[in-house]
Amino acid sequence: MNRKEAERQNRQEAVLMGLGFTGEEAEKLRRISMTLHRWHENECGTDNGCIERDEATGVPYWHNADTGRRWRIADREKGALKRLAAIIEARNERDEGGAVASYVQGDPRGAALYIIRPGDVPAGEDVAAYYSRGVVVY
């Protein structure tokens, strides 16, 4: 990691701590975002293959592009989303300044995780249209 990246991570941690997350939670959010981003990249596919979910069971498989074989893989997306929900819930129980929410953006061309603050999304509107107003977690 270079100095510029370290400064960016420190700024991100300061913003998240300003929203009521602990330093440990801020680091966990960063790791969750990286996990989800990599998962979304693999869902779109690489030269080696892609992640496919069985439509009946929801179980993820890796489909090898060279051989056509597929095998079951660990569902890292499910685990990351479960950890994310626990962190958001813990923060909202601790801080009464307004509940925050999370938004996971599945396009691998951008960040995977956004923290939505109160007021970021107008009442009655879809969060998918306003998520970029939230705090991005790289």
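Phi-derived couplings, Karplus 6.51 cos²θ - 1.76 cosθ + 1.60 at θ = phi - 60°, listed residue by residue for the range 74-84: 5, 8, 5, 5, 4, x, 5, 5, 5, 5, 4 Hz, with x used for Gly and Pro.
Converting phi to 3J(HN,Hα) with the Karplus coefficients 6.51, -1.76 and 1.60 and the offset θ = phi - 60°, the range 85-93 yields 4, 5, 5, 4, 4, 4, 5, 5, 5 Hz in sequence order, with x at every glycine or proline. In order along the range 123-138, phi translates into HN-Hα couplings of 4, x, 9, 7, 4, 4, 8, 10, 4, 5, 6, x, 8, 7, 10, 8 Hz, rounded to whole numbers, per the Karplus curve 6.51 cos²θ - 1.76 cosθ + 1.60 with θ = phi - 60° and x for Gly and Pro. Database remark: amide H of G49 closer than 5 angstrom to the amide H of A65 (H placed geometrically; neighbours at sequence offset of 5 or more, or on other chains; Pro and chain starts carry no H).
Roughly how many debye, to the nearest 20, is the charge dipole of the chain about its Cα centre, given +1 on each Lys and Arg Cβ, -1 on each Asp and Glu Cβ, and no other charges? Mind showing how you got there, number by number?
Working: 21 positive and 23 negative charges, 82 e Å.
Dipole magnitude for the chain comes out near 400 debye.
If we count every other residue with Cβ under 15 angstrom of R109's Cβ, Lys/Arg +1 and Asp/Glu -1, where does the sum land?
Details: positive: R38; negative: E41, E43, D107.
Result for the local shell: -2.
In the range 1-57, taking the dipole from charged Cβ atoms about the Cα centre, the farthest positive-side position among F21, I32, T57 is held by F21. Mean projected area of the Cα convex hull of the range 95-138, taken over all directions, amounts to 3.3 nm².
With a/c under 1.5 counting as rounded, go ahead and sort the range 1-82 into rounded, prolate or oblate using the C-alpha gyration tensor (a ≥ b ≥ c being the square roots of the eigenvalues; past the cut-off, prolate if a/b is larger than b/c, else oblate). Cα axes put the range 1-82 in the oblate bin. By how many degrees, between 0 and 90 and to the nearest 10, does the Cα long axis of helix 23-44 differ from the longest principal axis of the chain? Value to nearest ten degrees: 30. Using the alpha-carbon centroid of each, what span in Å lies between the range 83-136 and the range 52-78? Between the Cα centre of the range 83-136 and that of the range 52-78, the gap is 28 Å. Sorting the segments 25-35, 70-80 by their mean number of nearby beta carbons within 10 angstrom, highest to lowest, gives 25-35, 70-80. Summing charges over all other residues whose Cβ lies under 12 Å from the Cβ of A86, with Lys and Arg as +1 and Asp and Glu as -1, gives +1.
If you model the range 25-122 as an ellipsoid using its alpha carbon gyration tensor, with each semi-axis the square root of five times an eigenvalue, the axes come out at 31, 14, 11 Å, biggest first.
Every read-out reported here was derived from the displayed coordinates using simple, explicitly stated rules and does not represent laboratory data. Just so it is clear, the model here is predicted, and its values are computed rather than measured. FYI the Cβ positions are ideal-geometry reconstructions off the backbone, even for glycines, and counts take in every protein chain you see.
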